[in-house]
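Okay, so here's the structure we're looking at.
The values are calculated or read from the model by the stated rules, or taken from the named source; none is laboratory data. What you see is a predicted model; the values in this text were computed from it and never measured. Reconstructed Cβ throughout: ideal geometry from the backbone, glycine too, with neighbour counts over all protein chains shown. Just so you know, the surface numbers come from the protein's heavy atoms only, side chains and all, with ligands and any DNA or RNA stripped out. Shrake-Rupley method; radii C 1.70, N 1.55, O 1.52, S 1.80 Å.
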Amino acid sequence: PTGITLAPLPNLSSGSIPLPTSVSTTTIPNPYQRGFFNSYNLTVEQEIGSNFTFNIGYVGTYAVRPVVNLNANASAPGTGSAGGLLSKKYGANYTGTINELAPFKDSRYDSLQTTATYRFAGGSNLNVVYTWSKAMSYADDEDLGGLSFPYPAFWSKNYAPAGFDRTNNVEVSGVMALPFGKDEPWLHNGIGGKILGGWLVNPVMSAMSGVPFTVGAGGNLNANGSGQTADLVAPFHVTHGRPPRTGVTCALGDASCEYFAPNSFAAPLITSAANARYGNTNRDEFRGPGYFSMNLSVVRDFKMREWATLQVRADAFSLTNTPHFGNPNTTCPASATTQGPIGGTGQLCNTGTNNNFGVITGVAQPGGFFGPDPGNRVLWFGATVNF
């Protein structure tokens, strides 16, 4: 085609091509030290009588050198591109972003898992499962995520609970037949037994701790590959304020709308490149609201003919209509270059024009492609003919 000027092809005679300093790319280290996973568990199970079974166990996974995405030209706060690892090593100021998919340190999951099952006469059962766990990592989603603080001197700020970590997880489920009708304890005969007999009730309840979050801050950190974190200047205090409702505006400082007290945080004071620093908080140091959900199914089969059965059912998802709130807004809106009331600290995060800091404005995101999970009640009714 005319009117298009192509760049000249590079000279391949030397076997290598110098990377222009403005180019962004993703690479892998050479040599590539491939990692591995160790998984282990030990479970003890005990049957008590003929109806009750209980087990308890330890389940763990230890990942050695999982792949993470990090900025290969990371720099310390205040040093910018010129202070990047590659810029200093090769004597060039790399302004492009060079990401490295590198096997990096380790991550682990440790848990105490328990299950109790009770079997009723007639085939009904009730299951209670409890997991107490901790997942620790340097980055979420391995190579799909990124190392928040890629400069080697600050790697320790990355090691924290994983973004999906939930300390407590309780699950209750069961399949229970109503005790009415033929061969059941009550209402063997009559209209009551005919109406109430034969129904199966299937509950599923989930209750979990919230997931972690990082409190970020503004200001000119001037560090390649990383963002800023806020200073914690007072004890972190959860106020359990309700999110804004339709037609309700949260005024600045209205504690009834705040999940945590925003004046516990301040932006780090940065007046020049010489005193640039990260805030004293780390990745995933704080935890958001918990999660509760209960689903319920009611099912019954009606024999129509010897060869045909009518099944009717009702399903309630999020039966209790409990909202599933996401984590609050966690970016401190205050200026990191303005002296605040705390010595050596910028403005408190409850100042400024953005009054959503510490306020929940969204619902939970279960992950993947499932989308938002608001927790609103959904009812399904259905009938099926089986023959």
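The lone criterion from (1) out of contact with any strand residue (DSSP E or B) (no Cβ under 8 Å at 6 or more places or on another chain); (2) within 21 Å of G371 (Cβ to Cβ) left unmet by M294 is number (1). Exactly one residue out of T97, T115 is open to solvent by 60 Å² or more (accessible area, probe 1.4 Å) and either touching an Asp or Glu at 6+ places or on another chain (Cβ under 9 Å) or farther than 28 Å from G60 by Cα (or both), and it is T97. Counting only residues that are outside any strand (DSSP E or B) and surrounded by 13 or more Cβ atoms within 10 Å (Cβ to Cβ), the stretch 309-323 holds 5 of them.
Residues that are of a type in the set (A, V, I, L, M) and open to solvent by 100 Å² or more (accessible area, probe 1.4 Å) within the stretch 29-47 comprise just one, L42.
A search for C-beta distances below 7 Å between a residue of the stretch 214-228 that is in contact (Cβ under 8 Å) with a residue 40 or more places away in the chain and any residue that is among the acidic types (D, E), counting only pairs 6+ apart in sequence or on different chains, returns T214/D284; T214/E285.
Is it fair to say A116 is farther than 24 Å from S39 by Cβ, among the hydrophobic types (A, V, I, L, M, F, W, C) and assigned to a helix (DSSP H, G or I)? Spelling it out, it is not the case that A116 is farther than 24 Å from S39 by Cβ, among the hydrophobic types (A, V, I, L, M, F, W, C) and assigned to a helix (DSSP H, G or I). Among the residues that make up the stretch 76-88, is at least one of them touching a helix residue (DSSP H, G or I) at 6+ places or on another chain (Cβ under 6 Å) and surrounded by fewer than 17 Cβ atoms within 10 Å (Cβ to Cβ)? Looking for residues that are touching a helix residue (DSSP H, G or I) at 6+ places or on another chain (Cβ under 6 Å) and surrounded by fewer than 17 Cβ atoms within 10 Å (Cβ to Cβ), one finds none in the stretch 76-88, hence no. Kindly indicate whether F265 is buried (at least 16 other Cβ atoms within 10 Å of the Cβ), closer than 30 Å to M176 by Cα and in contact (Cβ under 8 Å) with a residue 12 or more places away in the chain. Against the criterion (buried (at least 16 other Cβ atoms within 10 Å of the Cβ), closer than 30 Å to M176 by Cα and in contact (Cβ under 8 Å) with a residue 12 or more places away in the chain), F265 does not qualify. Counting the residues of the stretch 128-145 that are of a type outside the set (A, V, I, L, M), buried (at least 17 other Cβ atoms within 10 Å of the Cβ) and part of a loop (DSSP other than H, G, I, E, B) gives 2. Tallying residues that are part of a loop (DSSP other than H, G, I, E, B) and either touching a helix residue (DSSP H, G or I) at 6+ places or on another chain (Cβ under 9 Å) or surrounded by fewer than 17 Cβ atoms within 10 Å (Cβ to Cβ) (or both) within the stretch 285-298 yields 1.
In the set D140, D110, only one residue is out of contact with any His (no Cβ under 8 Å at 6 or more places or on another chain) and modelled with pLDDT of 95 or more; that residue is D110.
Let's see how each residue does on (1) among the aliphatic types (A, V, I, L, M); (2) without any contact (Cβ under 8 Å) to a residue 60 or more places away in the chain; (3) under 30 Å from V23 (Cα atoms):
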site: G91; (1), (2), (3): no, yes, yes
site: T95; (1), (2), (3): no, no, yes
site: K105; (1), (2), (3): no, yes, yes
site: Y109; (1), (2), (3): no, yes, no
site: A116; (1), (2), (3): yes, no, no
site: G123; (1), (2), (3): no, yes, no
site: D140; (1), (2), (3): no, yes, yes
site: G145; (1), (2), (3): no, no, yes
site: F149; (1), (2), (3): no, no, yes
